[in-house]
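Structure first, commentary second.
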Amino acid sequence: MAKGFTLVALRALMISIFLGWISLWILRPTNLWTRAWRQAEEAMKHTFFGYYGLNFVVLSFPVVAISMIGLIYLSFPPQNLRNRGNVEPQISVSNPIIISQFIGIVSCFELVALLLFLLLLAWTFYARISNDFKKLMPVKSMKLDLWQLKYLRVATRFGLLAEACLALLLLPVLRGLSVFRLWNIQFEASVKYHIWLGTAMIFFAMFHGGSILFIWLVSHHFEDEIWRWQRTGRIYLAGLIALVMGLLMWITSLPQIRRKKFEVFYYTHHLYIIFLVFFLFHAGDRHFYWVLPGIFLFGLDKVLRTVQSRTESYVLSASLFPCNAIELVIPKVPSLTYAPSSVIFMNVPSISRFEWHPFSITSSSILDRHTMSVMVKCEGGWTESLYNMVQATLGSGNDQKTNIRIRVEGPQGPALVDFLRYENMLLVAGGVGITPFLSILQEIACVSSKPGFRYPKRMQLLFVVKTCQDISMLIPISSILSKPIDVHLKLKVYVTREKHSTSTLRELLSRSVVQTVCFGPAGCSGFPVLGPESSRWLATLLGITVIAFIIALIGLSHVLIPAEKMKNVAGSMKLVASGGNKIAKEKSPSWVADLVIIASYFIALTIAGLLATIQHRRQRQRQRDTLNMSSAEEQKARDRNLIESTSAHVDEHEIHCGERPDFEEIFSEFRKESRTSNAGVLVCGPESMKQSVASMCRKTSECFIGDGQRGTDMNLSFHSLNFNL
């Protein structure tokens, strides 16, 4: 009862803070906000808290507070999924509404959020530009025509739209501190929000900067304006540098470049540091406080991931599959648990010290307490180098195998295991997209053997591959396919590039030769993977970092801001008290306040990094015990015996060669076999496959809604999983 009340209170507090933060964005373009906020700033200048502390606490802290409270909320273990009952059909916010090759698959929840954000942008632009046109005054130093002056104001206000996109840009790419985990949205799924926001920001920034440069060119003021690094106001050269950095990052992140030249995309994306610094110099501290929350959380998240990934681990064993895939077994501490479909980011220093790649975990932390496994398919230069490294070790024939040192970030996955609530499940995998389903099936097989737990009763797995050799990726779950379990599992394999094969699934799996090389920890200085810190520790560290930032911000502002600035305060306060609307200009250079923010930011991150390092070393010291190799050996022995233990149950599964799945027929059959209303559709594979499944899922749901007699028979909930970024 106490736990339920606490969760409700935390949820209500987060919603209240979020609504308050949104209200600030709505009020921001109004004259009421401008007058009230300037008066509050002037009043706070007489206190130790100061103008800078007020700006951070009111404008930046709400999002940080939501993240902090969210971490506390997630620290409470979820309730066990027990007491199966008939779940009434309901409209799922994850179901696809828009399916497009340009923007991908958009759910109902995403569409509503997108429309509300566009409405906020429209309101911001309308309120600002209408007020500007009412008080349109020519710039004394620039003799502009009326159309030039209006166009200049429009271009200027487009900068506010780019700023709004920047305020949210970094939130979707947070990992350990991600606020999206509150909605059970994984990092791989939220990356598309980062892409949408980044594209919109570049569009608005291009119009903003390009239009202003155009006006300066036609009015012959380009050289006078662009090269000045003035003491106050906008620093236009800094804005131009930020725009160029943003364009470089956006161009190299396009799919045509990112997929073929990943290294170019990866290294160029680190220009975000230069971009943010020069944006601060261009926009000034008043605007920067609005975008600071995402930057603050991203910097701390990066520090935490760096601390975790500095500890090297190693590969216990590697298995080479006939389809040019590798399964790596990595040691972990027994206390590390993760949800199915979780992802780790892995780095192999001998291949590249700076290149990280995400991989879905294929094992279950319930079954394998001392190890976790990932499957890597050779589809690029980095993966081919890893495959060749393992193959060379396998062919060396030496008794002492050279350990493969790795560094790991994560695991990171969903906060709740949603798929356990479905009565029926349809899993669709394409190629290496089978990897997240391997862990899901193992988890369900384990849960189904425990009394009282909710688990799906009927599952159907569609596995689409190019050749019969790719079927070998099912070997990790061949024991589940070969023996009856409480879950009715039906497998359909579609081989698209090979025809007229009469082999059964059992024959194909038995002919799959898997070569395994065991390394072992001998002579290796690495550690088992410890995983991320607990949510409560992260919330505590976030709170300490916020306090350190505020103290540094207030302290440095009192030390570095010239005393002449305070002389202006008295005069401006008298002007405000007498009813005047104008406030005296601050005579201190604007870039001094910017440097105060930068210095405070790095001081806070340094303190956070030291505390995180101390905590990580303490945790590593506690887990320094020798890895229990018996568990790893039992795991590998079980994997080697999977093919031998197959029974006639494998022959019940279907293999279709030389054809692609007919999703309309499959969904129709699945609908007839599913006798209850609670059904989930999970898909992982190429984008074209996801869109086809999403279209059929939407079509099937619409058919049931339109049928008056069966309108409440079934509700399909669509979920898309990603195996790459």
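The values are calculated or read from the model by the stated rules, or taken from the named source; none is laboratory data. Predicted model only: the values in this text are computed from it and were never measured. Don't worry about glycine lacking a Cβ; one is built from the backbone with ideal geometry, like all the others, and counts go over all protein chains shown. Heads up: the accessible areas ignore ligands, DNA and RNA and are worked out on the full protein's heavy atoms, side chains in. Shrake-Rupley method; radii C 1.70, N 1.55, O 1.52, S 1.80 Å.
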Q: Determine how large the accessible area of Phe602 is when every protein chain is in place; take a 1.4 Å probe and give Å² rounded to the nearest 10.
A: 120 Å²
Q | Backbone N under 16 Å from the Lys134 label point (7 Å along Cα→Cβ), restricted to segment 16-35 | A | 27-35
Q. HN-Hα J couplings of segment 665-673 from phi, Karplus 6.51/-1.76/1.60, θ = phi - 60°, integer Hz, Gly and Pro as x?
A. 5, 5, 5, 5, 5, 5, 5, 6, 6
Q. What figure in square angstrom, to the nearest 10, would you give for the accessible area of Leu32 with a 1.4 Å probe?
A. 110 Å²
**Q.** Loop chymotrypsin sites (Phe, Trp or Tyr not before Pro), segment 30-78, which have at most 16 other Cβ atoms in a 10 Å radius of their Cβ (DSSP)
**A.** Phe48, Phe49
Q) Considering only Cα-Cα distances, which of the following residue pairs are longer than 25 Å: Lys260/Lys466; Lys261/Lys377; Lys377/Lys492; Lys332/Lys457? A) Lys332/Lys457
Q. Taking the simple approach of a point 7 Å from Cα along Cα-to-Cβ for both Ala599 and Leu217, what is their distance in nm?
A. 4.0 nm
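Using heavy-atom solvent-accessible surface (probe 1.4 Å) with all chains present, what is the largest-first order of Ile551, Ile404, Ile97?
Sorted descending by solvent-accessible area, the residues read Ile551, Ile97, Ile404.
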Q: Would you grab the residues whose amide H sits under 5 Å from the one on Gln515? Only those 5+ places off in sequence or on another chain, please, with H modelled 1.01 Å from N.
A: Leu320
Q: Could you pull out the pairs from Lys192/Lys302; Lys672/Lys699; Lys45/Lys135 whose alpha carbons sit more than 21 Å apart here?
A: Lys45/Lys135
Q.
Can you give me the long-range amide H partners of His370? Hydrogens built in the peptide plane at 1.01 Å from N, cutoff under 5 Å, separation of 5 or more residues or another chain.
A. none
Q) How would Lys672, Lys143 rank on accessible area, largest to smallest, probe 1.4 Å? A) Lys143, Lys672
(Q) Given a 1.4 Å probe and heavy atoms of the protein chains only, how would you sort Phe18, Phe61, Phe158, largest accessible area at the top? (A) Phe18, Phe61, Phe158
Q: Measure off 7 Å from each Cα along the Cα-to-Cβ vector at Ile274 and Thr402, then give the distance between these two points in nanometres to one decimal.
A: 3.6 nm
Q | Sites Tyr126 and Ala43, calculated FRET efficiency, Cβ-Cβ separation with R0 25 Å, nearest 0.05 | A | 0.25
